[in-house]
Amino acid sequence: MACGPSLSLLRSVALVWRTLRSMRTALILLLMLAGASVIGSLIPQLPNSPEKVFGYTADHPLAAEIYSRLGFFDVFGAWWFSLIITLLVVSLIACLIPRTRGTVRSVRQKPIQAREIDSFPHYEERNVTLPAGAATTVCRKVLRRKLFRVAASENSLAAEKGSAREIGSLLFHWAFLLIVVGAIYGKGTGYSGRAAVIEGETWTDSLAGYDGSIRTGRFFGGDFSGSQIRLKDFEDTFRASGIPMDFVSRVDLLNPDGSLVRAAEIRVNHPATFAGVRVFQYGFGWAPVVQVRDDGKLLWSGPVAFSQDTAPEGVPQLALPWRGVLKLPSLDPQVGITLELWPDGQAFLQTQLTGQPVVMVVARDPIIRFTTYSGPLTDPSQRRLDTSIMKEQAAGILGQGQVVDLTTGRALETGADPNAGLTISFPDLRKYSVFEVSRDNGVWMVLLAAILVLLGLLPALYTSKRKVWVRLESGEGRTILKVGGFAVQRKSQFSKEFSDLVAALERAAGKVNP
Amino acid sequence: MSDLEWARFSNDLFNLALFAYLISMVGYFAYMAFRREPIWVASKAVLLAGLLAHAASIASRGVAAHRVPWGNMWEYSSLLAFLVVLAYVAVIEGAFKVRSLGGVALAFSVLTMGIALLGDFYVGPAPLVPALNSYWIKVHVVAAIIGSSLFALGGGVLTCLYLAKDFKERREERAVVPPPIMGGAIDLNDPPDFATGADEPVGLTEQTGRRGLLPPSAVLDRMAYRTIAFAFPIWTFAVIAGAIWAQEAWGRYWGWDPKETWSFITWVIYAGYLHARATSGWKGRRAAVVALVGFVSLLITYYAVNLFIVGLHSYKGF
């Protein structure tokens, strides 16, 4: 048959759609998301802790190879993680559209009259004094006052209450979807990265400004704001034990043309927002100002941002020295210097004498230990020095304000010609501040959706749908009030509500005094 | 009093509370076994005294540290244990009028406090590191601890008891045909709106349940469900408040940090539990297993992430 293949194609599409539409599929996908998250939390992740991933790769090469192929080192960026999210979104939409349509229909629809009302789980009969017609009118008022939706036909009423449960449940699920959409939109069109700014210097929001630490979304077009941040001053406060108290960066926020937007203080938990980006206090470090002279000619003058190694177990991070690299490519042979800053010279002495690590939080007689290497500079990075084919020339210690000969490692004696030979000096010690800079235009969508999730959750869990029918029959000079009803959820609480309702209806329709 | 004296005062009261909980726990187990009214009265009195001492311990810890007393693992553990006992007194004895479960709830708190003592979580009172110094900590941590204590009660204590009682009932009633499961299938023609209530008990009801150490399984089942349904929005709120805090402190509301990941996993499992309750064939025992898995995930969120997995939330000591 000619239409065979297309029919079977249609069928299989329909089958896929039907599968996606079932709540079971959505639940399984949600559990798969949880399972993927478990993997992501147990195996070190590249975006969060790259040094651990490298450590793991060195220790377990085979497992690391498998993990890396499966994307386990970056679970939340893996294609199959995106696939789970996409399927979950599609499945949720497929679940929600018909449910929403059904709810809209049932909310619009008038409550349906029942044929037999004495067979409901709750049923009561009462004698009342008002005639049936008038009693129907007052009963309708009572039900309305109790926020029931009521449909009336001749001397009988059908009422229901508690659509909030289903509406709340739908709101919860749509809002959950909106969180996912908002997150994908915000992360997809935004970027985030780290910016290290030395005191007194100005940083520009551009690709180069992030020095490789940038993470951009899939749909980010490269339109950095070009705005600038000038760090006037960074201040950190510690307790004597080394526990940080406060970090403050005093900055000027500047337009791309350099004009001032405003001055701001950025501290932990108090980010600055401007030009569509948010700037958070992330970290800090030392940046000694170093000058290198070759026979009096200035080869380098300026601050160098130093960083720390990760502290081994049991050693406080701030007890470690800070490391930096200085390269002098113009010399022949080329020269590279590794520098090790001890911001607290007394702590350095104490560590040397006792072997105990001492936390260094303030600058006191800072010293720099250096080693000079000569030979070709092969590593293009500003942070590392490949010394494998270089020759160690000298090593020494440089105090603040001193001038030291780089080729011998000895300090120049007083009265010696300061312009002779290759010398290094250390006139000033500054700090740098590390900012996390991010642009995420989806934050408001996610926040709004999160609030809606909560708003929907409460009625979805704590309200219940109740249905009640009232019939009034005339007989023997009296009117008989018949009330039947049931609750779909929270049945045990309904008994009391039902008997209260019957009492209220009886009172309104004229209670017969015994 | 000086800060140090306040801290010592707080520790003494902590030990006093732990001691009182231990005695009360033994008393409650005795009450469960012998059902003598005076045993319950005495146990409850000791329990309330312990609760009072514990409250004073937490308050004086706050005085000693000049901040809210939930800044590190020691303080979380103390507060968590306190809230489980408080929730037991308010919810199980107060709202559900069930007296026989005190021993189990207290055992959880005693264990939590014991782990805090033996695990050497103790650190002296000190100000918070800058990242924790936000008013969102008050909101986020309070919600997280209340949510965890209720999950521990519902998903852990009550669910275990339900499974135990259910096992016993089934063994005893094997000859009796069990009542049909009143499950509401969820499909498109029959949306959950019309499904039988998720909170309705499964199995024997109060009247037919036989007397024993524990309340009937149907009662335990309903208590577990209600407690979890109560905890779920609080936990949801805690996760949201944590995301807002993370946005303020670290510049991203969600970064798949281990704590974030595991609180999300716990959330997903309990969301699955609530859905399972509304699906036919997934009530009772199978739903209880989901609740237990959620409890394990909660324990990982609380202990393992802080102690073994290094992330931004590794707050044990400083």
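The values are calculated or read from the model by the stated rules, or taken from the named source; none is laboratory data. Bear in mind the structure is a predicted one, so any value in this text is a computation, not a measurement. Every residue, glycine among them, receives a Cβ derived from its backbone with ideal geometry; neighbour counts consider all protein chains shown. Heads up: the accessible areas ignore ligands, DNA and RNA and are worked out on the full protein's heavy atoms, side chains in. Shrake-Rupley method; radii C 1.70, N 1.55, O 1.52, S 1.80 Å.
Here is how the numbers come out for the structure above:
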quantity: Residue ID - most open to solvent (accessible area, probe 1.4 Å), chosen from residues in region A:90-114 that are modelled with pLDDT under 90 and β-branched (Val, Ile, Thr); calculated: A:112
quantity: Test set (1) open to solvent by 60 Å² or more (accessible area, probe 1.4 Å); (2) closer than 26 Å to residue A:320 by Cα - residue A:378 fails condition number; calculated: (2)
quantity: Residue identified as within 14 Å of chain B (Cβ to nearest Cβ) and touching a residue at least 24 places away in the same chain (Cβ under 8 Å) among A:92, A:87; calculated: A:92
quantity: Any hit, region A:288-295, residues being farther than 23 Å from residue A:231 by Cα and without any contact (Cβ under 8 Å) to a residue 24 or more places away in the chain; calculated: no
quantity: Of residues in region A:333-375 being of a type in the set (A, V, I, L, M, F, W, C) and closer than 16 Å to residue A:315 by Cα, the one modelled with the highest pLDDT; calculated: A:342
quantity: Residue check, residue B:4 within 21 Å of residue B:87 (Cα to Cα) and surrounded by fewer than 20 Cβ atoms within 10 Å (Cβ to Cβ); calculated: no
quantity: Criterion: under 25 Å from residue B:300 (Cβ atoms) and either modelled with pLDDT under 90 or of a type outside the set (A, V, I, L, M, F, W, C) (or both) - qualifying residue of B:116, B:65; calculated: B:116
quantity: Any hit, region A:39-54, residues being within 13 Å of chain B (Cβ to nearest Cβ), among the hydrophobic types (A, V, I, L, M, F, W, C) and within 30 Å of residue A:153 (Cβ to Cβ); calculated: no
quantity: Evaluation of residue A:246 against (1) under 26 Å from residue A:381 (Cβ atoms); (2) modelled with pLDDT under 90; (3) open to solvent by 30 Å² or more (accessible area, probe 1.4 Å) (one fails), failing number; calculated: (1)
quantity: Flag for residue A:295 being touching a strand residue (DSSP E or B) at 6+ places or on another chain (Cβ under 7 Å), open to solvent by 30 Å² or more (accessible area, probe 1.4 Å) and not β-branched (Val, Ile, Thr); calculated: no
quantity: From the options A:366, A:357, residue that is away from chain B (no Cβ under 14 Å), within 30 Å of residue A:245 (Cα to Cα) and either touching a Gly at 6+ places or on another chain (Cβ under 7 Å) or of a type in the set (D, E, K, R) (or both); calculated: A:366
quantity: Test set (1) in contact with a strand residue (DSSP E or B) (Cβ under 8 Å, 6 or more places away or on another chain); (2) open to solvent by less than 20 Å² (accessible area, probe 1.4 Å) - residue A:186 fails condition number; calculated: (1)
quantity: Options A:157, A:178; residue that is away from chain B (no Cβ under 13 Å), in contact with a Lys or Arg (Cβ under 9 Å, 6 or more places away or on another chain), in contact (Cβ under 8 Å) with a residue 12 or more places away in the chain and farther than 30 Å from residue A:258 by Cα; calculated: A:157
quantity: Selection status of residue A:436, surrounded by fewer than 17 Cβ atoms within 10 Å (Cβ to Cβ), assigned to a strand (DSSP E or B) and not hydrophobic (A, V, I, L, M, F, W, C); calculated: no
quantity: Matching entry among A:500, A:417 (being among the acidic types (Asp, Glu), open to solvent by 10 Å² or more (accessible area, probe 1.4 Å) and in a loop (DSSP other than H, G, I, E, B)); calculated: A:417
quantity: Candidate set from region A:199-228 (those that are closer than 30 Å to residue A:360 by Cβ and within 14 Å of another protein chain (Cβ to nearest Cβ)); member that is surrounded by the most Cβ atoms within 10 Å (Cβ to Cβ); calculated: A:210
quantity: Residue B:282 within 11 Å of chain A (Cβ to nearest Cβ), at pLDDT below 90 and outside any helix (DSSP H, G or I); calculated: yes
quantity: Leading residue by the ranking (nearest to residue A:66 (Cα to Cα)) among those in region A:9-53 that are hydroxyl-bearing (Ser, Thr, Tyr) and touching a residue at least 60 places away in the same chain (Cβ under 8 Å); calculated: A:25
quantity: Residues of region B:264-279 satisfying the condition of being open to solvent by 20 Å² or more (accessible area, probe 1.4 Å), part of a helix (DSSP H, G or I) and among the polar types (S, T, N, Q); calculated: none
quantity: Candidate set: region B:36-68, residues that are in contact (Cβ under 8 Å) with a residue 24 or more places away in the chain and not in a helix (DSSP H, G or I); chosen: the one most open to solvent (accessible area, probe 1.4 Å); calculated: B:66
quantity: Qualifying residue in region B:86-100 (condition: of a type in the set (Phe, Trp, Tyr), open to solvent by less than 30 Å² (accessible area, probe 1.4 Å) and closer than 22 Å to residue B:143 by Cβ); calculated: yes
quantity: Complete set of residues in region B:248-259 that are surrounded by fewer than 24 Cβ atoms within 10 Å (Cβ to Cβ) and assigned to a helix (DSSP H, G or I); calculated: B:248, B:250, B:259
quantity: Members of region A:470-496 that are within 54 Å of the chain's Cα centre (by Cα) and away from chain B (no Cβ under 14 Å); calculated: A:470, A:483, A:484, A:485, A:496
quantity: Candidate set: region A:449-469, residues that are open to solvent by 20 Å² or more (accessible area, probe 1.4 Å) and in a strand (DSSP E or B); chosen: the one farthest from the other protein chains (Cβ to nearest Cβ); calculated: A:469
quantity: Residue satisfying all of: in region A:393-410; open to solvent by less than 50 Å² (accessible area, probe 1.4 Å), under 20 Å from residue A:344 (Cβ atoms) and among the aliphatic types (A, V, I, L, M); nearest to the other protein chains (Cβ to nearest Cβ) among these; calculated: A:398
quantity: Residue under evaluation residue B:237, criteria (1) open to solvent by less than 20 Å² (accessible area, probe 1.4 Å); (2) under 30 Å from residue A:266 (Cα atoms); (3) modelled with pLDDT of 90 or more; (4) not charged (D, E, K, R), criterion not met; calculated: (1)
quantity: In region B:1-29, the residues that are in a helix (DSSP H, G or I), over 23 Å from the mean Cα position of the chain (by Cα) and over 17 Å from residue B:78 (Cα atoms); calculated: B:3, B:4, B:5
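Conditions (1) open to solvent by 50 Å² or more (accessible area, probe 1.4 Å); (2) within 14 Å of chain B (Cβ to nearest Cβ); (3) touching a residue at least 60 places away in the same chain (Cβ under 8 Å), marked per residue:
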position	(1), (2), (3)
A:263	yes, no, no
A:282	yes, yes, yes
A:301	yes, no, no
A:306	no, no, no
